[in-house]
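Here is the structure we will look at, set down as structure tokens.
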Ligand SMILES: [Zn+2]
């Protein structure tokens, strides 16, 4: 197992097997690591800054500040839709 995959697996375990943002069960094959504070903004490679989340949510959050990520999660009032499941189950993304 590659070092990055091992770190993803470890962090996913520590998160209880769910996506950090949508809280849905997350398969390791769909998991990716997200820098809460972007590395380009000085975010670290440590557990204090890396979370495991759905690939699709990670793509939406690319280049988003912590403020934007928090704002998005708050807008969904703790029910941020899992975009992987949404694609298969017709979950509608909140239109802002
Ligand atoms: Zn998710």
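None of the figures in this text is laboratory data; all of them are computed from the coordinates on show. What you see is a predicted model; the values in this text were computed from it and never measured. No Cβ is skipped: glycine too gets one built from the backbone with ideal geometry, and neighbour counts run over all protein chains shown.
Our estimate of slack between residue 67 and residue 28, defined as 0.36 nm per intervening residue step minus the Cα-Cα distance, is 11.3 nm.
Which FRET efficiency value, to the nearest 0.05, is calculated for residue 74 and residue 7 with the Förster distance at 25 angstrom and r the Cβ-Cβ distance? Working from the Cβ atoms, E equals 0.35.
Hull volume per residue, based on the alpha-carbon atoms of the stretch 3-89 and their convex hull, is 91 Å³. Net length available on complete extension from residue 15 to residue 59 is 13.9 nm, with 0.36 nm assigned per residue and the Cα-Cα distance removed. Listing 73, 66, 52 from fewest to most neighbouring C-beta atoms within 10 Å gives 66, 73, 52.
Counting every other Cβ atom within 10 Å of each residue's Cβ, 13, 20 order from fewest to most as 13, 20. Would you mind classifying the stretch 1-47 by shape? Square roots of the alpha carbon gyration tensor eigenvalues, ordered a ≥ b ≥ c; an a/c under 1.5 is rounded, otherwise it is prolate if a/b is larger than b/c and oblate if not. Oblate is the answer for the stretch 1-47, as a/c is 1.5 or above yet b/c matches or exceeds a/b.
Among 57, 37, a tally of other beta-carbon atoms within 10 Å of each Cβ gives an order, fewest to most, of 37, 57.
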